Amino acid sequence: LEYSNVYSWTALVQGHNDCGEFLNALHILQRMRESSISPSCYTFQALVQSSTKLKCVVRGKEMHSEIIKAGYDGNDILSTTLIDMYAKCGSLNEARMVFDNLPGQNLVAWNALIMGYAEHGLGKEGVECFKSMQAEGMQPDVVTLVGSLKSCCLVTGSINIGRDMHNFIIKHGLQENIVVMNTLVDMYVKVGSIEEAQDVFNKMPVRDVVSWNILLAGY
């Protein structure tokens with residue numbers, strides 16, 4: 001089967017991603033070069049996602065270089081995908097550099113950065129991102145709250161920020177989201193306020209085994 005244009009090549013990359021064949025997806029770039037077909041921004045987006053799934057920052061950096069050479073480094077969608085890749089691979093300095101060069105930081109980019117900081121133990125940076133996001137008038141969503149609450153767990157003296165997030169959750173009716181509520185309980189447990197953790201737990205409309213395990217770990 002011949003792949004004669006960039007659309008069919010991009011579909012092939014995405015197809016490999018959908019099947020979990022991420023390394024095979026990355027190999028397609030060389031085959032495209034051999035066919036004299038230049039990747040589009042959508043092709044590069046799929047290839048960066050392949051690197052993300054493999055947690056292979058080396059391949060991700062290669063894709064980043066290719067993106068710059070192709071002149072797509074000003075593309076918001078691609079930049080956000082790169083931020084997500086660097087953050088999930090633990091290269092937070094690179095993620096921040098791409099983020100800072102975005103002409104307008106969008107919610108997905110903020111979330112990728114905040115979650116990356118939280119998942120890699122950089123709670124202070126995650127909390128600072130949340131503060132900066134609020135200062136710029138960006139409205140947090142569920143992903144923002146989960147990442148920011150996880151960041152609070154890692155920072156001494158951040159309970160007041162966690163309480164602000166708690167108030168936001170109540171104000172916007174997010175108590176039904178069990179992931180958010182479990183993370184909120186976990187935040188209170190880890191900052192040493194078991195009473196507030198118990199209070200949140202008691203008021204949760206739905207609980208699961210994770211909810212119970214988080215609370216029990218605090219006693």
Among helices (runs of 4 or more DSSP H) completely within the stretch 162-219, the ones holding 3 or more residues that are acidic (Asp, Glu) are 194-203
Flagged in the stretch 29-69 as in a loop (DSSP other than H, G, I, E, B) and either at pLDDT 95 or above or of a type outside the set (A, V, I, L, M, F, W, C) (or both), in numbering order, are Ser35, Ser36, Ser38, Pro39, Ser40, Lys55
Log entry, pairs with first residue in the stretch 86-100 being in a loop (DSSP other than H, G, I, E, B), second being acidic (Asp, Glu), beta carbons closer than 9 Å, six or more apart or on different chains, reads Gly90/Glu119
Residue set Val108, Val98, Val58; condition open to solvent by 10 Å² or more (accessible area, probe 1.4 Å), farther than 20 Å from Thr10 by Cα, of a type in the set (A, V, I, L, M) and over 18 Å from the mean Cα position of the chain (by Cα); output residue Val58
- Inspect all residues belonging to the stretch 18-28 and state whether any of them is of a type in the set (Val, Ile, Thr), buried (at least 17 other Cβ atoms within 10 Å of the Cβ) and assigned to a helix (DSSP H, G or I). yes
Taking the stretch 130-150 and keeping residues open to solvent by less than 10 Å² (accessible area, probe 1.4 Å) and within 13 Å of the chain's Cα centre (by Cα) leaves Thr144, Leu145, Gly147, Ser148
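A quick yes/no check of all residues on (1) open to solvent by 10 Å² or more (accessible area, probe 1.4 Å); (2) of a type in the set (Val, Ile, Thr); (3) more than 26 Å from the chain's Cα centre (by Cα); (4) within 21 Å of Pro140 (Cβ to Cβ):
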{"position": "Ser158", "(1), (2), (3), (4)": "no, no, no, yes"}
{"position": "Lys171", "(1), (2), (3), (4)": "yes, no, no, yes"}
{"position": "Asn177", "(1), (2), (3), (4)": "yes, no, no, yes"}
{"position": "Val180", "(1), (2), (3), (4)": "no, yes, no, yes"}
{"position": "Tyr188", "(1), (2), (3), (4)": "no, no, no, yes"}
{"position": "Val191", "(1), (2), (3), (4)": "yes, yes, no, yes"}
{"position": "Asn202", "(1), (2), (3), (4)": "yes, no, yes, no"}
{"position": "Asp208", "(1), (2), (3), (4)": "yes, no, no, no"}
{"position": "Ile214", "(1), (2), (3), (4)": "yes, yes, no, no"}
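The values are calculated or read from the model by the stated rules, or taken from the named source; none is laboratory data. Keep in mind the model is a prediction, meaning the values are calculated, not measured. Backbone-built Cβ (ideal geometry, glycine too); neighbour counts: all protein chains shown. SASA here: full protein model, heavy atoms, side chains in, ligands and nucleic acids out. Shrake-Rupley method; radii C 1.70, N 1.55, O 1.52, S 1.80 Å.
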